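The structure under discussion appears below in the form of structure tokens.
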Amino acid sequence: MPISTERDARAATLLIVAISTALSLIIFTIPLTTINAVTLDLHLSSGEIAWIMSGMPLGCAVGLLTSGALGDTYGRKKVFIGGLLVTVIASVVAAIAQSGLVLILARVAQGLGNAGVMACGLGLVGQVYHGEERARATAIWAASLGGGVAIGPILASICLSLGGWQAIQWVAAVASGALALASIRPLPESTRIPERIDLLGSVLMMAGMAFLLSSLTELRMGISAQTFLMLLASIVLITLFCFLELRVRNPIIQLDLFRRADFVGATLAAFASGAGVLSIMTMVPTVLEQGLGISPLFAATILLAWSGITVVAALAAQRLPRSLTARHRVVLGMVGCILGQMLLLLMSGDYLWPVALPGLFVSGVANGILNASLGHAAVESVPVERVAMGSAANNTARYLGSAIGITVSAVLISNAGSSALSLGWREAVMATTGFSILGLIVMVLIARRTSPASMAA
């Protein structure tokens, strides 16, 4: 095959994966600017609101590892396209939903569909790009994460004004279908592992993660016996899953990967990113709307100071000195996120929206560097035949972290009440910054126990 054709094929793969990843994040952000309209239309309870906000992260976190294993075993292209088709169906169901329960189930299904896209998309990029080209490609993939978060709230707000909250769901369905059709020819086939998939492990892991994230969602409405029982069930199921994975030939996640410092570091940083900067940024539009009474569209536009800068920073990250290893870049990104999160304390008290800009900007720069470095580390820290597994583990950690961080933030802000919103916001900022600091400390401790060559760029 001529070089130019190979380059075109790689470019087409990267383009489709990047757009699909951005679409996944657009769908993820839909409730940020539509939840008030949905609440009024469907007469949602506080519990249903919490579940709609958490439905897609739950579906993603539950489905990512299984999607990664399916992709490595049966073909990443097949699972990637399958994920897009599931998203089409789920988005149509969401658009025609007449009750909170149906919309919640549709959001979970959207998460399951996008799990296939997220797990196998980065795996496909890692499959066709190598060396320095892989670093550049994963930077573009990381930019698509920020691009989706930047576009999503604004697009949802525009669709809300034109066709109601259902309009953005129809857009998601059409876009997912178009991407599925566009993926049939350009995406490469992957080498398949001639082993049966670990079905029992998949069931145990998915059930364990579902109970864990469900307990976190219920925690937003207060501590109860039901929450405790779900948490206990998740611990039992995940423990059984770990014992099983040590004994099967083709596990959902190879537990011996956790003996590799580069894999542990990348996974831990993704968790800290989700529980820290990603979760607090998710709360910014709501706080701006409730605290200042500004419109959803204006709040989404202000958030561009974070999400838009993340896109630029992810693309520019490849220009950092080559002497900086991937671990150094991850640490640099985490330190910057911590600084940016602390600057968000300026939003406490009697504030105007411009005081949020320094924290949003600094966090955006740091988060872009962090996303690019984590995307590279996710595929570099696992064997080549397991790149979908590495991608799935990294994204699972990010979604699990964001579920925990968003739950903690929501509980602190709601408990403070509208009259003490700034106090609740300050407590949420400090809590999520604590997650980032803890992740940074553990990463540094891991680094001291390993050779400098680990996680090299």
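Any read-out appearing in this document is the output of simple, stated calculations on the displayed coordinates, not a laboratory observation. Computed from a predicted model, the values in this text were never measured in an experiment. Cβ coordinates were reconstructed from backbone atoms using ideal geometry, including for glycine residues, and neighbour counts include every protein chain displayed.
If you stretched the chain out fully between L423 and V444, how much longer would it get, using 0.36 nm times the residue separation minus the C-alpha to C-alpha distance? Don't jump to the answer; show the numbers that get you there.
Numbers: separation 21, 0.36 × 21 = 7.56 nm, distance 3.17 nm.
That works out to 4.4 nm of additional length.
Got a sec to turn the phi values of segment 145-162 into Karplus ³J(HN,Hα) couplings, 6.51 cos²θ - 1.76 cosθ + 1.60 with θ = phi - 60°, whole Hz, x for Gly and Pro?
Result, ordered by residue: 4, x, x, x, 5, 6, 6, x, x, 5, 4, 5, 5, 5, 4, 4, 6, 8 Hz.
For the chain, what does the relative contact order come out to in percent, with C-alpha contacts under 8 Å and a separation of six or more?
Working: 857 pairs, mean separation 104.1, N = 457.
Averaging sequence separation for qualifying contacts and normalising by length gives 23 percent for the chain.
To the nearest µm²/s, what D does Stokes-Einstein give for segment 228-286 at 25 °C and 0.890 mPa s, using the Kirkwood radius over alpha carbon pairs as Rh? Please list the in-between numbers first.
Numbers: Rh = 14.1 Å.
Stokes-Einstein gives a translational diffusion coefficient of 174 µm²/s.
Determine the gain in length on full extension of the stretch L199-D8; use 0.36 nm per residue of separation and subtract their C-alpha separation, reporting nm with one decimal.
Working: separation 191, 0.36 × 191 = 68.76 nm, distance 3.70 nm.
Additional length available on full extension: 65.1 nm.
Provide the packing ranking of 138-145, 197-204, i.e. peptides ordered by the mean count of other C-beta atoms within 10 Å per residue, highest first. All intermediate terms of the calculation are to be shown ahead of the outcome.
Working: 138-145: 26.4, 197-204: 17.6.
Packing proxy ranking, top to bottom: 138-145, 197-204.
Apply the Karplus curve 6.51 cos²θ - 1.76 cosθ + 1.60, θ = phi - 60°, to the phi angles in segment 431-439 and return the couplings in whole Hz, x for Gly and Pro.
Along segment 431-439, the couplings run 5, 5, 5, x, 4, 5, 5, 4, x Hz.
Would you work out the relative contact order for segment 316-417, in percent, from Cα pairs under 8 angstrom that are 6 or more residues apart? Please report the intermediate quantities before stating the final value.
Working: 76 pairs, mean separation 25.4, N = 102.
The value is 25 percent.
Scan segment 177-262 for GluC sites (Glu not before Pro) in coil per DSSP, keeping those whose Cβ has at most 16 other Cβ atoms within 10 Å, and list them by number.
Values: sites: E189, E195, E218, E245; in loops: E189, E195.
Sites meeting the loop and neighbour criteria: E189, E195.
Checking a compactness column here: for segment 163-280, what do you get for Rg(Cα) / (2.2 N^0.38 Å), N being the number of residues?
Working: Rg = 19.2 Å, N = 118, 2.2 N^0.38 = 13.5 Å.
Against the empirical 2.2 N^0.38 Å value, I get 1.43 for segment 163-280.
Which value results when the Cα radius of gyration for the chain is divided by 2.2 N^0.38 Å? Please report the intermediate quantities before stating the final value.
Working: Rg = 20.5 Å, N = 457, 2.2 N^0.38 = 22.6 Å.
In units of the 2.2 N^0.38 Å rule of thumb, it is 0.91.
For n ≥ 4 DSSP H runs only, could you compute -39500 (n - 2.57) per run for the chain, divide by its residues and tell me the 222 nm figure to the nearest 500?
Working: 15 runs with 359 residues, N = 457.
Helices in the chain give a 222 nm mean residue ellipticity of -27500 deg cm²/dmol.
Can you give the FRET efficiency for A178 and L255, using 1/(1 + (r/R0)^6), R0 = 35 Å, r = Cβ-Cβ distance, to the nearest 0.05?
0.35
For L320 and S414, what does the FRET efficiency come to when R0 = 41 Å and r is the distance between their Cβ atoms, rounded to the nearest 0.05?
Numbers: r = 40 Å, r/R0 = 0.97.
Using R0 = 41 Å, I get an efficiency of 0.55.
Kindly write out, for segment 224-233 in residue order, the coupling ³J(HN,Hα) from the Karplus curve 6.51 cos²θ - 1.76 cosθ + 1.60 (θ = phi - 60°), rounded to whole Hz, with x marking Gly and Pro.
Per-residue couplings from phi come out as 9, 4, 4, 4, 4, 5, 5, 5, 5, 4 Hz.
Please sort by residue number the trypsin sites (Lys or Arg not before Pro) in segment 308-393 whose DSSP state is loop and whose Cβ has at most 14 other Cβ atoms within 10 Å.
Values: sites: R319, R322, R327, R329, R386; in loops: R322.
Loop-located and lightly packed - R322.
In square nanometres, what is the average projected area of the Cα convex hull of segment 111-178? Show your work: numbers first, answer last.
Values: hull surface 20.9 nm².
Averaged projected hull area, Cα only: 5.2 nm².
Rounded to the nearest whole Å³, what is the per residue volume of the convex hull around the Cα atoms of segment 252-339? Walk me through the intermediate numbers first.
Numbers: hull volume 11.9 nm³, N = 88.
Convex hull of Cα atoms, per residue: 135 Å³.
Compute the relative contact order of segment 208-342 as a whole-number percentage, counting only Cα pairs closer than 8 Å that sit 6 or more residues apart in sequence. All intermediate terms of the calculation are to be shown ahead of the outcome.
Working: 60 pairs, mean separation 22.6, N = 135.
Here the relative contact order equals 17 percent.
Pulled fully out, how much extra length does the chain show between S99 and E133, if you take 0.36 nm times their separation in residues and subtract their Cα-Cα distance?
Details: separation 34, 0.36 × 34 = 12.24 nm, distance 4.73 nm.
Taking S99 through E133 to full extension adds about 7.5 nm, to one decimal.
Over 5 Å intervals from 0, what percent of Cα-Cα pairs in segment 229-385 sits in each interval?
1, 9, 15, 16, 14, 12, 11, 10, 7, 3, 1, 0
Taking other Cβ within 10 Å of each residue's Cβ, how do I49, I27, I89 sort, fewest first? It would help to have the intermediate numbers written out before the result.
Details: I49 21, I27 30, I89 16.
Ascending number of Cβ neighbours within 10 Å: I89, I49, I27.
Starting from the alpha-carbon convex hull of segment 1-91, give the projected area averaged over all orientations, in nm².
Details: hull surface 30.4 nm².
Projected over every direction and averaged, the Cα hull of segment 1-91 covers 7.6 nm².
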